[in-house]
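Bear in mind that the values in this text are calculations on the coordinates, not laboratory data. Bear in mind the structure is a predicted one, so any value in this text is a computation, not a measurement. Using ideal geometry, Cβ is built from the backbone for each residue, glycine included, and neighbour counts are taken over all protein chains shown.
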Amino acid sequence: MANIIGLTGQTGAGKSTVRHIFRERGAAVIDADSVAHDITEKNTECIYDIVSHFSCMVLNENGTINRKALGKIVFSDKKELAMLNKIIFPYILEEIEHRIAEESAEGAENIVIDGATIIESGCGKLCDVLISITADEAIRTRRIIRRDNITREDAERRVAAQKPEEFYTENSDVVIENSESIESLESRVSTVLKNFEALKEKIAAEG
């Protein structure tokens, strides 16, 4: 049976970089953000639920969700973000369970689930070990601006919309700090993989 590794943290912390390092070391990867994207493009039931709450203003002409329009709403209002999460989380959890089963059937030894909302969505319960990636806020803001080609104001709004770092660290089994070099990050990931069985035993013993 495959080992399931959860990878979470605030936006801009560097989860995608850590995910890439795990993939280089042979792990299969499930990108929860990509799953959410697929669902808002293809799952008609989910699209209907979103439009029912947020109106057709968040709908593209082709019937998919306009993620930019929806993002402006939810990243400016925490209540609306919570509502969006309430709508889409069950769909995401179901699809991730399906993909875990597929990867396991294909013989994957380690499966990484990468997503900012693993804890809130319930996906954390699927994981043997849950890892939080952290980084200084100023560094995360710069990464978001560069990654998404948005203004500093929009980047800061996204940072402010998320839960504080303590939420992730207190609900995780391992914390990897990512404000230093890529070599340091690779070393920390290697340590997690090397000691994975011991980590699982420790987590199981702690209940």
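Counting every alpha-carbon pair across the chain, the share separated by more than 28 Å comes to 29%.
Shown in residue order for region 8-23 are the 3J(HN,Hα) couplings computed by the Karplus curve 6.51 cos²θ - 1.76 cosθ + 1.60 at θ = phi - 60°: 9, x, 5, 4, x, 6, x, 4, 5, 5, 5, 4, 5, 5, 4, 4 Hz (x for Gly and Pro). Relative to one another, the C-alpha centroids of region 193-207 and region 39-106 are positioned 34 Å apart.
Applying 1/(1 + (r/R0)^6) with r as the Cβ-Cβ distance of His53 and Thr17 and R0 = 30 angstrom yields a FRET efficiency of 0.35. Taking Cα atoms only, the orientation of helix 182-194 departs from the longest principal axis of the chain by about 60 degrees. A dipole drawn for the chain from +1 and -1 charges on Cβ atoms has a positive end, and of Cys56, Val35, Ile113 the residue lying farthest that way is Cys56. When exposed loop sites are taken as GluC sites (Glu not before Pro) in a DSSP loop with at most 16 other Cβ atoms within 10 Å, the longest stretch of the chain clear of them is 110-179. In the chain, the calculated helix contribution to ellipticity at 222 nm averages -18500 deg cm²/dmol per residue, counting -39,500 (n - 2.57) for every DSSP H run with n ≥ 4.
Taking a Cβ cut-off of under 9 Å around Ala27, the surrounding Lys, Arg, Asp and Glu residues balance to a net charge of +1, with basic ones at +1 and acidic ones at -1.
The residues packed around Phe54, meaning those with a beta-carbon under 14 Å from its beta-carbon, carry a net charge of +2 if Lys and Arg are +1 and Asp and Glu are -1. Net charge near Val192: determine it from the other residues with C-beta under 15 Å of the C-beta of Val192, scoring Lys and Arg +1 and Asp and Glu -1. In short, -1.
Contact order, relative form, for region 3-201: 38 percent (alpha carbon pairs under 8 Å, 6 or more residues apart, mean separation divided by residue count).
Across region 94-118, the residues whose backbone nitrogen lies under 18 Å from the label position 7 Å along the beta-carbon direction of Ala161 are 115-118.
What pairs from Lys79/Lys200; Lys72/Lys163; Lys68/Lys163 go past 27 Å between their alpha carbons? Listed pairs above 27 Å: Lys79/Lys200.
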